[in-house]
2 protein chains.
Amino acid sequence: MNVQAQAGPATIPAKQLAAFVARLFVATGLSAPAAEKVANGLVDADLEGLASHGVMLADMYIERLRGNSVSKETAAAIVSERQSAVVLDAGHALGHLTGEQAMSFAIDKARQFAAGIVAVRHGFHFGAAGRYARQAADAGCVGIAMCNTRPLMPAPGGAERVVGNNPLAIAVPADGEIPIVLDMATSEAAMGKIRMAEKAKEPIPPTWAVTAQGLTTTNPTEAIAGMLLPSGGPKGFGLSFLIDLLCGLLSQGSSGAQVRPLYGDFSVPYDCSHLFVAIDVAHFCDLDWFRAQAANAAKHVRNGKRAPGVTQLFTPGEPEWQRRNRSGGQVLVEPAVVAMLQRYAENLSVRPTPFDAKTQ
Amino acid sequence: MNVQAQAGPATIPAKQLAAFVARLFVATGLSAPAAEKVANGLVDADLEGLASHGVMLADMYIERLRGNSVSKETAAAIVSERQSAVVLDAGHALGHLTGEQAMSFAIDKARQFAAGIVAVRHGFHFGAAGRYARQAADAGCVGIAMCNTRPLMPAPGGAERVVGNNPLAIAVPADGEIPIVLDMATSEAAMGKIRMAEKAKEPIPPTWAVTAQGLTTTNPTEAIAGMLLPSGGPKGFGLSFLIDLLCGLLSQGSSGAQVRPLYGDFSVPYDCSHLFVAIDVAHFCDLDWFRAQAANAAKHVRNGKRAPGVTQLFTPGEPEWQRRNRSGGQVLVEPAVVAMLQRYAENLSVRPTPFDAKTQ
């Protein structure tokens with residue numbers, strides 16, 4: 001039976017999808033609690049419309065667990081702990097696990113010292129950085145999370161990849177349901193948007209990418225063969241370069257080209273570095289007052305005057321929250337991802353799958 | 001004698017210019033050490049090619065000192081101090097003074113706790129944010145400085161100014177002469193660049209600004225009557241919004257429209273808020289190792305492959321360093337600024353001026 005040929009898109013309850021993906025990870029050798037945590041992280045990203053951080057990553061995670069470039073350990077080890085400064089060695093464990101652990105550590109330090117700063121070496125992909133910033137905000141702290149990736153972008157004027165599109169997330173505690181969380185990559189556009197333009201045979205803005213020679217292009221095909229550009233030129237480049245140094249040097253881990261391709265050789269560790277910062281609001285002011293003020297400021301943005309044709313204004317993190325709200329707890333899984341998950345279910349003898357009744 | 005009609009551009013030794021501007025501030029009632037510090041800060045910005053943060057600000061500073069919206073105090077008062085969290089009240093003193101004080105405080109806290117976080121309320125313009133980030137880097141710390149400004153930019157899709165072009169600076173310790181310091185405003189372009197396009201009768205990119213109605217424009221005149229756009233759309237907007245909340249709420253000072261126009265009523269305090277963070281590198285790793293690694297990473301960027309026609313690649317902060325180097329310690333003062341400084345010299349009876357022999 002050719003599972004792939006048969007697969008169509010499927011809409012699956014998030015809980016069911018997460019439980020299924022967790023079973024795939026358990027079948028690969030991960031402990032059940034760890035598998036559940038990682039699967040929930042992936043499905044959460046799907047619910048927020050961040051498919052690139054969702055269950056489509058499951059095959060890469062599984063292949064790396066099999067190839068031993070991702071460890072089956074579930075926690076990072078403490079390398080050093082000096083006042084509010086902590087260095088962890090994740091030992092190439094899944095970033096969802098060590099990320100939550102590291103931010104918990106930062107929050108504990110913040111309770112004691114006002115701020116906690118946790119640098120993590122030998123890290124692996126941790127999904128959406130905003131997840132950890134929000135973890136801190138939920139605990140009454142300003143949360144900041146960042147990581148480096150392998151070089152993807154040139155310096156302004158460069159013709160060689162020297163920095164990743166290293167993400168930065170910042171969240172603050174706020175009243176109400178809508179979290180205030182910025183989660184940005186430092187590239188002007190995501191590669192996915194360039195691929196969409198190529199499919200639609202549409203030109204891209206000249207600020208998105210350059211050719212492999214570093215020349216300006218509006219041709220998406222040339223851009224895909226070329227390099228992403230930093231957001232705002234020297235601004236995004238500078239941010240990305242500083243994030244790389246902060247993550248890689250404070251952790252004494254990898255930076256620059258020492259971080260390996262995520263989709264390269266699955267037996268070679270990805271080896272990125274992370275940095276987590278928590279700042280305890282209560283050390284500065286009344287937390288309830290802060291939360292109310294932050295929510296008011298957000299409301300002011302949302303209620304602002306709109307340009308003609310614009311129906312809604314968003315605060316940072318609100319689009320993700322709205323997509324999760326609209327999802328009704330259901331995840332639309334793309335056909336290629338359904339096929340991939342079915343393939344692994346068969347291969348790992350994980351039956352039944354949530355797709356069994358849906359895709360025929 | 002009409003001084004203004006007579007004034008031409010002048011090239012003045014930095015030390016002489018700073019001493020002269022300091023005398024203007026002293027004549028306005030500031031203490032000599034404070035006046036020298038502020039004047040040096042302004043002249044430093046001129047040497048780095050950041051004229052908008054240079055001595056051209058002197059008249060606004062003087063008028064605000066006269067109007068009592070800037071205080072003649074030279075230090076901020078401690079509001080609270082809890083572990084590494086400090087809140088200062090600058091009482092509308094000159095930001096150059098309270099900025100240096102606040103970052104010194106943050107560095108002291110970082111030595112003790114690994115990180116120091118100092119929020120400042122009732123602040124005034126502190127010049128280039130990178131100055132304070134570098135102060136921390138020179139002391140072996142990661143330095144982060146930010147502040148809010150009055151609202152200047154709409155949310156993406158908005159037709160109303162809701163956030164400032166709030167700057168963010170980050171510096172790290174590094175070997176060698178060239179500092180590694182990112183100092184960025186969160187707008188896509190500076191208003192000065194739009195004014196230059198208007199003068200040259202050239203269109204601007206559609207990402208720089210919108211009309212007063214929030215509509216896309218490439219017309220610089222419409223842009224000047226309109227609003228600056230955030231760098232990278234939701235990215236720059238999100239950064240700016242978070243910077244506003246971090247500065248304004250942790251200090252329990254002003255945020256959003258509570259910050260007043262810098263060039264508005266000179267009897268009304270500007271009332272911005274600042275945030276300074278220092279992270280002591282030695283709490284994480286050997287400082288010498290960090291400095292060497294950071295310098296190596298910078299060298300790698302500078303030596304990278306260049307796109308055709310590009311003669312040089314820069315690390316964050318390097319263009320400013322190069323301009324200072326090329327200046328030979330001489331500041332080119334624009335005619336309008338010469339005239340303004342001559343006018344205040346006459347008015348405050350500060351003689352002789354460095355321009356006396358130069359502009360005839």
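The values are calculated or read from the model by the stated rules, or taken from the named source; none is laboratory data. Just so it is clear, the structure is predicted and the values come from calculations on it, not from any experiment. Positions of Cβ are generated from backbone atoms using ideal geometry, with glycine treated the same way; all protein chains shown enter the neighbour counts. Calculation scope for accessible area: heavy atoms of the full protein, side chains included, ligands and nucleic acids excluded. Shrake-Rupley method; radii C 1.70, N 1.55, O 1.52, S 1.80 Å.
What the table shows:
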| read-out | value |
| --- | --- |
| Filtered residue count, the range A:168-191, keeping only those that are crowded, with 24+ Cβ neighbours inside 10 Å and of a type outside the set (A, V, I, L, M) | 5 |
| Residues satisfying the stated conditions in the range B:110-156, i.e. of a type in the set (Gly, Ala, Ser), at positive phi and in contact with a strand residue (DSSP E or B) (Cβ under 6 Å, 6 or more places away or on another chain) | B:ALA114 |
| Enumeration of residues in the range A:179-205 that are within 13 Å of chain B (Cβ to nearest Cβ) and either small (Gly, Ala, Ser) or in contact (Cβ under 8 Å) with a residue 40 or more places away in the chain (or both) | A:PRO179, A:ILE180, A:VAL181, A:LEU182, A:ASP183, A:MET184, A:ALA185, A:THR186, A:SER187, A:GLU188, A:ALA189, A:ALA190 |
| Residue identified as under 19 Å from A:LEU242 (Cβ atoms), touching a Pro at 6+ places or on another chain (Cβ under 8 Å) and open to solvent by less than 10 Å² (accessible area, probe 1.4 Å) among A:VAL163, A:VAL118 | A:VAL163 |
| Criterion violated by A:ARG351 - all others in (1) more than 26 Å from the chain's Cα centre (by Cα); (2) free of Cβ contacts under 8 Å to residues at least 40 places away in the same chain; (3) within 14 Å of chain B (Cβ to nearest Cβ) satisfied | (3) |
| Candidates B:ALA169, B:ALA174 - the one that is within 14 Å of another protein chain (Cβ to nearest Cβ) and either in a loop (DSSP other than H, G, I, E, B) or within 24 Å of B:ALA35 (Cα to Cα) (or both) | B:ALA174 |
| Given (1) part of a helix (DSSP H, G or I); (2) surrounded by 24 or more Cβ atoms within 10 Å (Cβ to Cβ), index of the condition A:GLN135 fails | (2) |
| Helices (runs of 4 or more DSSP H) fully within the range A:1-94 counting 2 or more residues that are open to solvent by 40 Å² or more (accessible area, probe 1.4 Å) and hydrophobic (A, V, I, L, M, F, W, C) | A:14-28 |
| Every residue from the range A:121-154 that is over 15 Å from the mean Cα position of the chain (by Cα) and either in the same structural domain as A:ALA209 (by TED's automatic domain parsing) or under 27 Å from B:GLY304 (Cβ atoms) (or both) | A:ARG121, A:HIS122, A:PRO151, A:LEU152, A:MET153, A:PRO154 |
| Every pair of residues 6+ apart whose Cβ atoms lie under 7 Å, when the first sits in the range B:121-144 and is over 19 Å from A:ILE117 (Cβ atoms) and among the aliphatic types (A, V, I, L, M) while the second is modelled with pLDDT under 95 and in a loop (DSSP other than H, G, I, E, B) | B:ALA128/B:LEU50 |
| In the range B:206-232, the residues that are in contact (Cβ under 8 Å) with a residue 40 or more places away in the chain and either among the hydroxyl-bearing types (Ser, Thr, Tyr) or crowded, with 18+ Cβ neighbours inside 10 Å (or both) | B:VAL210, B:GLY214, B:MET227, B:LEU228, B:LEU229, B:PRO230, B:SER231, B:GLY232 |
| In the range B:289-337, the residues that are polar (S, T, N, Q) and open to solvent by less than 60 Å² (accessible area, probe 1.4 Å) | B:THR315, B:GLN322, B:SER327 |
| Cross-chain or 6+ apart pairs with Cβ under 8 Å, the range B:295-307 first and within 7 Å of chain A (Cβ to nearest Cβ), then hydroxyl-bearing (Ser, Thr, Tyr) and open to solvent by 10 Å² or more (accessible area, probe 1.4 Å) | B:ALA297/A:SER255 |
| B:ILE194, sole failed condition from (1) part of a helix (DSSP H, G or I); (2) open to solvent by 10 Å² or more (accessible area, probe 1.4 Å) | (2) |
| Only listed residue being modelled with pLDDT of 95 or more and touching a strand residue (DSSP E or B) at 6+ places or on another chain (Cβ under 6 Å), chosen from B:ALA32, B:ALA45, B:ALA93, B:ALA39 | B:ALA93 |
| Test: residue in the range B:244-264 that is at the interface with another protein chain (Cβ under 8 Å from one of its Cβ atoms) and closer than 16 Å to B:ILE170 by Cβ | yes |
| Residue check for B:ARG351: modelled with pLDDT of 95 or more, under 28 Å from B:HIS125 (Cβ atoms) and not polar (S, T, N, Q) | no |
| Hits in the range B:236-281 (condition: part of a helix (DSSP H, G or I), free of Cβ contacts under 8 Å to residues at least 60 places away in the same chain and open to solvent by 10 Å² or more (accessible area, probe 1.4 Å)) | B:GLN258 |
